[in-house]
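Only the coordinates and a few stated rules stand behind these numbers; no lab work does. A quick note: this is a predicted structure, and the numbers were derived from the prediction, not measured. So basically every Cβ, Gly included, is an ideal-geometry build from the backbone, and we count neighbours across all protein chains shown.
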Amino acid sequence: MGGPFGQAAVFLIDTLFWLYILAVLLRFLFQLVRADFYNPFSQALVAITNPTLLPLRRMIPSLYGIDFAALVLVLVLQVVKNVLLGLIIGQWYNLLGLIVYSAAELLQMTVYLFIFLIFIRVLLSWVAPYGGHNPVTGLLFSVTEPLMRPARRLIPPLSGLDLSPVAVFILLYLTLILIVTPLLSVSKSLLV
């Protein structure tokens, strides 16, 4: 399917799936870091993701505090998105390659999400150095702190300047270069 209708369909599918995958991924990360469940933003994510996540939780239990149902859901959503986009452009994929490629895309999305969240955290530290009392800011600090804390231990503040975000950015970009890009490259060869 080509032309403007094909482009519109690709845009809609890509955007809607991306938004829902992001919601489930954020919910997973919030649960993983034990962010404030009663935060209004957390409650909104719970309300958005519960219809698809609750049935999966009956079949896939959590283990060691990791919500495997959310991980399976996010992978299934990414696979379905890639299948739908493939159907629109007339491309058929190998199932194994599709699963590996979808997992690599999710890893890439997660790394970019952390880069974005840490960048926002740095900007907020200049505007409101003590975090303020915004509910979203509290969640932002909860999600990024597991990455920032070890970096802060390695690189103490210099004259009040916290350089730990630079170390985390370097680590995240190295993850993209050394892990995500080769994984995407290998999985693309498995697709066909």
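Details
- Within the chain, all pairs of alpha-carbon atoms sorted by distance into 10 Å bins from zero give the percentages 8, 28, 34, 22, 7, 1.
- Per-pair calculated FRET efficiency, R0 = 25 Å: Leu171 and Thr137 via Cβ, rounded to 0.05: 0.60
- Neighbours of Phe30, meaning other residues whose beta-carbon lies under 14 angstrom from its beta-carbon, give a summed charge of -1 when Lys and Arg score +1 and Asp and Glu score -1.
- Among residues other than Trp18 with Cβ under 14 Å from its Cβ, the summed charge is -1 (Lys and Arg +1, Asp and Glu -1).
- Residue separation of Leu54 and Leu22 scaled by 0.36 nm, minus their Cα-Cα distance, works out to 9.8 nm of gained length.
- Max mean-square fluctuation residue, GNM over the chain, Cα-Cα springs under 10 Å, options Ile118, Ile170, Ile21: Ile170
- Net charge contributed by nearby residues that have their C-beta within less than 14 Å of Leu124 (K/R +1, D/E -1): -1
- In order through the stretch 166-180: 3J(HN,Hα) via Karplus (6.51 cos²θ - 1.76 cosθ + 1.60), integer Hz, x for Gly, Pro: 5, 5, 5, 4, 4, 4, 5, 5, 5, 4, 4, 6, 8, 10, 5
- The label-point distance for Val76 and Gln91, in a model that sets each label 7 Å from Cα toward Cβ, rounds to 2.4 nm.
- Chymotrypsin sites (Phe, Trp or Tyr not before Pro) within the stretch 7-54: DSSP coil, no more than 12 neighbouring Cβ in 10 Å: Phe37, Tyr38
- Under a Gaussian network description of the chain, with springs only between Cα atoms under 10 Å, the residue in Leu54, Leu63, Leu176 that fluctuates furthest is Leu63.
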